[in-house]
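Just so you know, all these numbers are worked out from the coordinates, no wet-lab data involved. As the structure is a prediction and not an experimental result, all values here were calculated from the model. Cβ: placed from backbone, ideal geometry, glycine included. Neighbour counts: every protein chain shown.
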Amino acid sequence: MAIITNTQSFMTNSKLYLKFGTFKTATSPWGDYVSFGQNRVLEGVVDLTQVTAGNTLIVSDVLFFPSLAAGQLFIEEIQAVTEVAATGGTTFDFGLVQSDRATVPGGYGTAFISAQAIAGVNALGKKIVYTTGVASAGSLIGSAAAVQTPVAPELAVGYYLTVSAVGTFTAGKIRLRVLYHALDVAITQ
């Protein structure tokens with residue numbers, strides 16, 4: 001498995017990800033809602049045609065999923081809504097990769113959604129809510145991502161969100177949402 005990158009980017013020795021040319025000004029289809037308090041939502045659209053079989057796509061270079069100390073974060077549910085019917089591929093995963101853009105801890109490639117068959121989500125407007133115990137629910141739902149060892153000069157390190165697929169898609173867009181909250185602490189990332 002390789003992380004899909006573009007030719008106009010560069011990772012410095014201090015782990016700073018730099019973009020050049022037209023990639024520098026591209027907007028991200030991912031973000032988090034402005035909210036105060038403990039409940040948070042990350043949301044974005046994945047164009048499945050950009051996920052090549054056997055590789056992993058980092059869905060946003062500017063959005064991180066926080067990694068707090070054990071017991072301070074809880075992933076409630078994941079939602080998937082089909083916006084454009086998919087053709088070509090068979091399944092997809094939704095997960096995490098560490099901020100070095102290469103390390104995927106065990107089970108984190110399927111942290112949110114694991115091997116979801118396209119046939120199960122392919123009707124336009126179809127919404128699936130993944131919670132603990134639901135088919136294709138990821139390994140971290142009901143818990144949280146582990147804290148990474150910070151890499152200088154970073155003090156807090158989050159995870160990038162990723163999507164991988166089996167097969168090559170010729171069409172398909174899925175809106176994905178991650179609903180999580182902090183337990184008795186403020187989220188500062």
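State, to one decimal in nm, how far the label point of residue 146 lies from the label point of residue 134, with both points 7 Å from Cα in the Cβ direction.
Going by the 7 Å Cα→Cβ label model, 2.7 nm.
Apply the Kirkwood formula to the stretch 108-147: the hydrodynamic radius equals the inverse of the mean of 1/r over all pairs of different alpha-carbon atoms; give it in Å with one decimal.
11.0
Apply the a/c threshold of 1.5 to the C-alpha gyration tensor of the stretch 43-189 and tell me whether it is rounded, prolate or oblate.
Judged from the Cα gyration tensor, the stretch 43-189 comes out prolate (a/c at least 1.5, a/b above b/c).
Place a point 7 Å from the Cα of residue 39 along the Cα-to-Cβ direction; which residues of the stretch 51-75 have their backbone N under 15 Å from it?
So the set is 74-75.
What length, rounded to one decimal in nm, is gained on full extension from residue 127 through to residue 181, with 0.36 nm per residue of separation minus their alpha-carbon distance?
17.3 nm
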